[in-house]
Amino acid sequence: MNADIKNMGDMRAYKFRIYPDAKRQEEIDKRMVLAQQLYNKMLEKVKTEYTKDKNSKINKSTLNRYMKDAVSENKEFLKLYSQTRQDVFIRLQKAYSNFFRRCREKREGKKVKVGFPRFKSIERYKSITYPQDNGAFSIEKERKTNMLRVSCIGRMKIELHRPIDGKTKTMTIKKEGKEYYAIFAAEQIISLPKIEDTNPVGIDMGVNNFVVLSNGKMIQKPKFFKKREKRIAKLQRILARRTKWEVQQISKLQSKRRNKAKLHLQKEWNGVTNQSNDFMQNLSTKLVNTGYTSFAVEKLQIQNMVKNHNRAQSIQNASWNRFINMLSYKAESAGMEVIRVNPQYTSMTCSNCGGIKKIGEERTYICDKCGLRMDRDINASINILNRAREGHSRSHAQGDIRQYVPTGDASSVEELRTYPETFRESFIKASGEASDF
């Protein structure tokens, strides 16, 4: 592989667990409530002004004026750090920018929901951001313990499980259930090698097989949600029986029990998310380090796919876009390219002759024209690779590849030894073999 080096700036996020005491937790929660109220107050002023004058314009200056008016009306907002108040302004500005973008797309004929910016409940506002490293936060060493100091909040223990590389730009404190995290965004100057694309691979994302490569390798994703499904369903039923204190003036005990049930449910979902993220992080790292030089994937429209309610939950649990994003930034950091192609008819097209046929639920693709017979997902991954290489020779389209089926003899076991560990495990699970690799 030939490699040229070029330097570029890159933003990386580092997420660390923090352990605030009871007083610090109260201060963080109070500022999250204030930030949420400031956001809603600014949005209320925008809507009120629009009701009075339909020709009123929304821009940075008007939003900034509304924020100053809100602060002057309620001095409690001054307890928020000045840069944190500025972040609230930026969030609302982004909400309106996205709203105007969707309006333009709607006029252009795209099927999108316009979605006017909505008021935020406290359950949807679970973070505060310090957008500048200007002394508002710092990490200090106290004996053998790392401490995070935050202006107006105080000092708390932080679990620095890895060093922060580069210059810190922003810091966000986020609350997930009962746990608190600090997320640092740091800018790095990294050297990107330019790798010659000699070993491209196509990737087909699926539900049965999470990843299928154009060279015949398949990886199944563990059913993390299935293992916790009954527990999650039980907690959802418990939460449904609890009544909000704001809705009906019942005892405060009932409201506390609802919040407690909500935290238990959120803890279970966080467990599913963390397991899924860990699996995808490990898989994307192994793919980048296996020897491939570029990756071809489908440009999936998840919002349209989940309209099929029979498979919506499976598609959302698969987290295809999140995996592709992980693979993209890791591949780009290694000097590789991730090419997104049109997903239309990739499963229906023969990778050998290009013929198209309708397929149902069958897992094997059989071409009526040339007689090609192979697993439908492998056929789709080869088509994805071919589309990424349009205009080039198809000598690496791997049309002769067939699905590897372990036979149990010595030759197949020796062949399987050369595969990466993740792929070996998926084959062993699929075939039921108990050989020691």
Mind counting the residues in the range 96-114 that are free of Cβ contacts under 8 Å to residues at least 24 places away in the same chain and either in a helix (DSSP H, G or I) or under 24 Å from S56 (Cβ atoms) (or both)?
13
Looking only at residues in the range 123-139 that are over 21 Å from the mean Cα position of the chain (by Cα) and loosely packed, with under 13 Cβ neighbours inside 10 Å, which one is farthest from I18 (Cα to Cα)?
N134
Those residues of the range 121-131 which are of a type outside the set (K, R) and either under 13 Å from I183 (Cα atoms) or assigned to a helix (DSSP H, G or I) (or both) amount to I122, E123, S127, I128, T129, Y130, P131
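Yes or no, residue by residue, for (1) outside the structural domain of F184 (by TED's automatic domain parsing); (2) in contact with a Leu (Cβ under 7 Å, 6 or more places away or on another chain); (3) closer than 28 Å to K262 by Cβ; (4) modelled with pLDDT of 90 or more:
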{"site": "Y81", "(1), (2), (3), (4)": "no, no, no, yes"}
{"site": "R85", "(1), (2), (3), (4)": "no, yes, no, yes"}
{"site": "K126", "(1), (2), (3), (4)": "no, no, yes, yes"}
{"site": "N134", "(1), (2), (3), (4)": "no, no, no, no"}
{"site": "I139", "(1), (2), (3), (4)": "no, yes, no, yes"}
Within the range 151-166, track down each residue that is assigned to a loop (DSSP other than H, G, I, E, B) and either of a type in the set (K, R) or over 10 Å from R17 (Cα atoms) (or both).
S151, C152, I153, R162, P163, I164, D165, G166
If K169 passes every condition in (1) in a loop (DSSP other than H, G, I, E, B); (2) over 22 Å from T273 (Cα atoms) but one, which one does it miss?
(1)
Complete set of residues in the range 232-247 that are in contact with a helix residue (DSSP H, G or I) (Cβ under 6 Å, 6 or more places away or on another chain) and in a helix (DSSP H, G or I):
I232, L235, I238, L239
Matching option when the condition is over 30 Å from K227 (Cβ atoms) and not aromatic (F, W, Y), among N325, N321, N352
N352
Boolean, K111 is within 26 Å of K262 (Cβ to Cβ), under 24 Å from the mean Cα position of the chain (by Cα) and either in the same structural domain as S56 (by TED's automatic domain parsing) or modelled with pLDDT under 90 (or both):
no
Sort out which residues of the range 184-220 are surrounded by fewer than 16 Cβ atoms within 10 Å (Cβ to Cβ) and assigned to a strand (DSSP E or B), and write them in order of number.
E187, Q188, I189, I190, S191, P193, K194
For S61, are the conditions met, namely being touching an Asp or Glu at 6+ places or on another chain (Cβ under 8 Å) and more than 30 Å from I139 (Cβ to Cβ)?
no
Taking the range 80-138 on its own, how many of its residues are among the β-branched types (V, I, T) and touching a Ser or Thr at 6+ places or on another chain (Cβ under 7 Å)?
3
Cβ pairs under 7 Å, 6+ apart or interchain, first in the range 64-90 and closer than 10 Å to A35 by Cα, second small (G, A, S) and crowded, with 19+ Cβ neighbours inside 10 Å, ordered by first then second residue, are F77/A70; L80/A35; T84/A35; V88/A35
Restricting to the range 147-171, name every residue that is exposed (fewer than 15 other Cβ atoms within 10 Å of the Cβ) and free of Cβ contacts under 8 Å to residues at least 40 places away in the same chain.
P163, K167
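The values are calculated or read from the model by the stated rules, or taken from the named source; none is laboratory data. Treat the numbers as computed from the prediction; the structure is a model and nothing was measured. A quick note on method: Cβ atoms are made from the backbone with ideal geometry, for glycine too, and the neighbour counts reach across all protein chains shown.
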